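Shown next, in structure tokens, is the structure this report addresses.
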């Protein structure tokens, strides 16, 4: 309800408190994912989003939302400038991507990361360009 009312700060605070009370299960799964998304998209708190996505992925390795959480983790890492991690996570993600737009987005993040690391040839390869 708080999220729908655009009371994002209160929403993530409630989620944090509830996450400490709930054992792993469907309630906590949804709470962690929504809290991470709110931090990433609405609040721009990329470090907090990264922590929440990592907790979600560690707690729910077989979740149906795992692929989306992996993609959003890569988005947070990209925003944080964690180039090596973007590349490593991207390499794991690409074979699992279920849609072209997902692959394209992750390849773009990886190419940006390679460029930031001065690896222009790798950036060109990941973009599908001939260096």
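The values are calculated or read from the model by the stated rules, or taken from the named source; none is laboratory data. Note that the coordinates shown come from a computational prediction; the quantities given were computed from them, not determined experimentally. Here Cβ is always computed from backbone atoms with ideal geometry, including for glycine, and neighbour counts include all displayed protein chains.
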Exercise for the section: Look through 49, 97 and report the one residue that is within 26 Å of residue 126 (Cβ to Cβ) and in the same structural domain as residue 126 (by TED's automatic domain parsing). Expected result: 97
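Conditions (1) surrounded by 13 or more Cβ atoms within 10 Å (Cβ to Cβ); (2) more than 18 Å from the chain's Cα centre (by Cα); (3) assigned to a helix (DSSP H, G or I), marked per residue:
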| residue | (1), (2), (3) |
| --- | --- |
| 11 | yes, yes, yes |
| 23 | no, yes, no |
| 29 | yes, no, yes |
| 32 | yes, no, yes |
| 38 | yes, no, yes |
| 50 | yes, no, yes |
| 53 | yes, no, yes |
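Quick one: which of 88, 69 is under 27 Å from residue 127 (Cα atoms) and assigned by TED's automatic domain parsing to the domain that holds residue 124?
Details: 69 fails: assigned by TED's automatic domain parsing to the domain that holds residue 124.
So the residue among 88, 69 that is under 27 Å from residue 127 (Cα atoms) and assigned by TED's automatic domain parsing to the domain that holds residue 124 is 88.
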Problem - Among the residues listed as 117, 67, the single one being within 25 Å of residue 29 (Cα to Cα), touching a residue at least 24 places away in the same chain (Cβ under 8 Å) and in contact with a helix residue (DSSP H, G or I) (Cβ under 9 Å, 6 or more places away or on another chain) - result: 67
Problem - Residue pairs meeting the criteria (Cβ under 8 Å; at least 6 apart or on separate chains; first closer than 12 Å to residue 70 by Cβ, in the range 84-108; second outside any helix (DSSP H, G or I)) - result: 106/97
